[in-house]
Each structure stands twice: as structure tokens, then as C-alpha cells.
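Read through the structure below, which is laid out as C-alpha cells, and then see the notes.
The values are calculated or read from the model by the stated rules, or taken from the named source; none is laboratory data. Being a predicted model, the structure only gives us computed values, none of them experimental. Reconstructed Cβ throughout: ideal geometry from the backbone, glycine too, with neighbour counts over all protein chains shown.
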Amino acid sequence: MHDRKFKFEDGEAYEQMMGVWSQLVGFKFLQWLSPSIEQRWIDVGCGNGAFTEQIIKNCKPSEVQGIDPSDAQIDFAKNRSGVQAATFQIGDAMALPFELGQFDVATMALVIRFVPDPAQGVAEMKRVVRSGGAVAAYAWDSLGGGMPHEPIQAELRSMNIKYPRPPSAEASRLDILQKLWADAGLRSVETRIITVERTFSSFENFWSLSSLSRTLQPVLEDLDPATLDQLKSSIQARLTAEENGEITCAAHVNAIKGLV
């Protein structure tokens, strides 16, 4: 289904739940992208500004524009420390409010799965980037077990409990990303799988943060207590805990970059 209103509204909850994961993978992505300093950036689907802040910190841009459909996320981003150099506004990834060739780099960080028409989103990034500039994106490999919440999702699937997927989940696949970039006429296209790990102090720590997922929370809240207990027990058995109770989880994204 195509839902133009599929967006994350709670910037603070997202920060607790996905912000750490985003920081981990965003840093590795920027290392791979290896951009020059003092460039003009657009962060499409900037959300609460987590990746925007990394751009500013690691790439010393001359300009950063962040755009997102969620008022609440934009409000959170504007009040985020470390993003004073960025400009944020409400907007649509499929109709960017910028001129032809206005930027040196356009990125979509963990966003392309939520764009109703990914091809149009890539075309728009290309349109606003100058000749020779870069168009890049990365997405959790949701169909290949790469999500940070995969331990929960795997058990939901084993119990035949359905949970929602993003409207364009297929766009997270490497082959689909390659086709999107090729169809857009981008050149020197490269892809990479980027893996990150996060350690939680205990299973309860993992559960309390991971169950805040915007897509999973309503599903979990609808489960009866017995089913929820069974689900948690199965997830805990799936995860390996250290002697001190710590649990380390891995996740991975599919990343792509190309030149205009």
C-alpha cells in the first residue's frame, strides 16, 4: 500500500529506541561515503536530526538542509544540540522544495523504505544535486533480517503474529537499490552492507527500548498477557546473554552511492 502519511511523530521516543542504532550506522556510512568538507548537503527524511548532526560533526558542511514530513520530528530536530548550522523544514521526499543542482550531496538515511514512490524520491535527490555530486542512501535490510528489532520480529513470525511493514520495504534490498540508482541514470554506483552492534545491559533493557518501535508497539499492546509472556520468553531464549546479563545485538543496512 502507498500511504503518504506514513511518518514517525515522536522524536524523543525515536531517539531512545532507534537514535543509538542510527548514530552507530550513520558514522560508518559517512566513513564509507568519504565526502569532502564544506559541501552543501540535503538530508531527506531527516527525522529528529540524528543523522543531520552526524553530517555536521563529521563532514563540516557549508550548508545542511533537513526535510521531513513530521512536524513533531522537525520540532525535535530544531532543538537538538549540535545542529545549529542546519535548516529544517516540513516537506515531501517526492517533491523537494529546492532548485536544480542546489546541493553537492543528497542523502536518505534509513528512509527510502518509507517513501511511497522510491523511484520518484531518488529522481528528486538527483534533481537537486549538481553534476558530479553524490546521491546516497542506506536502509535497514528489513527483508534480510537486518532490522535492530529482528529478534522480536523473528519470534512474531514464528508465532504467526502479523506486524506492519513499511510501504516500500522492497526498496531496502540491495538489488532494488541498484536498479533504482541505475534507472535514475546515476553513475559510478557502489553498494555496501554495513553491520553494527549494540550492547544492552540486560534483556529487560533490550525489551524496554525495542518494544517502543512505532510499528511493533501497537502489535505488542494487542497481545493478551499469556501470549506476550510467551513471546518475551522465546525472544530471551533466542538472545545470548553474558555472565553479567549484557546482551549484544547486531543489525545491518544496505547502502548505496552514485554520482550525478
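Under the condition of being of a type in the set (D, E, K, R) and free of Cβ contacts under 8 Å to residues at least 60 places away in the same chain, which residue from the stretch 33-63 is surrounded by the most Cβ atoms within 10 Å (Cβ to Cβ)? By that ranking, first place goes to Glu53. Of everything in the stretch 72-98 that is of a type outside the set (A, V, I, L, M, F, W, C) and assigned to a loop (DSSP other than H, G, I, E, B), the residue that is nearest to Val129 (Cα to Cα) is Pro97.
The condition (being exposed (fewer than 13 other Cβ atoms within 10 Å of the Cβ) and at pLDDT 95 or above) is satisfied by just one residue among Ala250, Ala255: Ala250. Among the residues making up the stretch 16-57, those that are of a type in the set (Lys, Arg) and either within 17 Å of Ala86 (Cα to Cα) or not in a helix (DSSP H, G or I) (or both) are Arg40, Lys57.
Here is a check on your reading of the model: is Asp92 under 27 Å from His252 (Cα atoms), in contact (Cβ under 8 Å) with a residue 60 or more places away in the chain and touching a Pro at 6+ places or on another chain (Cβ under 9 Å)? Considered against the rule, which asks whether it is under 27 Å from His252 (Cα atoms), in contact (Cβ under 8 Å) with a residue 60 or more places away in the chain and touching a Pro at 6+ places or on another chain (Cβ under 9 Å), Asp92 comes out as yes. Within the stretch 112-129, the set of residues being among the aliphatic types (A, V, I, L, M), closer than 14 Å to Ser168 by Cα and crowded, with 24+ Cβ neighbours inside 10 Å comprises Ile112, Val115, Val122. Return the only residue of Ala85, Ala72, Ala109, Ala77 being over 25 Å from Ser36 (Cβ atoms), small (Gly, Ala, Ser) and out of contact with any Pro (no Cβ under 6 Å at 6 or more places or on another chain). Sole residue among the options that is over 25 Å from Ser36 (Cβ atoms), small (Gly, Ala, Ser) and out of contact with any Pro (no Cβ under 6 Å at 6 or more places or on another chain): Ala72.
As for the stretch 199-208, it holds at least one residue that is farther than 29 Å from Ile112 by Cα and either of a type in the set (Gly, Ala, Ser) or touching a His at 6+ places or on another chain (Cβ under 6 Å) (or both). Of the helices (runs of 4 or more DSSP H) that lie entirely inside the stretch 175-240, those containing 3 or more residues that are crowded, with 19+ Cβ neighbours inside 10 Å span 203-210. Among the conditions (1) in a helix (DSSP H, G or I); (2) under 19 Å from Asp68 (Cβ atoms); (3) of a type in the set (A, V, I, L, M, F, W, C); (4) touching a Phe, Trp or Tyr at 6+ places or on another chain (Cβ under 8 Å), Ala106 misses just one, which is (1).
Say we look at the stretch 143-169 and pick out the residues that are surrounded by fewer than 14 Cβ atoms within 10 Å (Cβ to Cβ) and part of a helix (DSSP H, G or I); which of these is farthest from the chain's Cα centre (by Cα)? Filtering first and then ranking leaves Ser158.
Go through the stretch 17-46 residue by residue and tally those that are over 15 Å from the mean Cα position of the chain (by Cα), modelled with pLDDT under 95 and over 24 Å from Leu96 (Cα atoms). Residues flagged as over 15 Å from the mean Cα position of the chain (by Cα), modelled with pLDDT under 95 and over 24 Å from Leu96 (Cα atoms) within the stretch 17-46 amount to 1.
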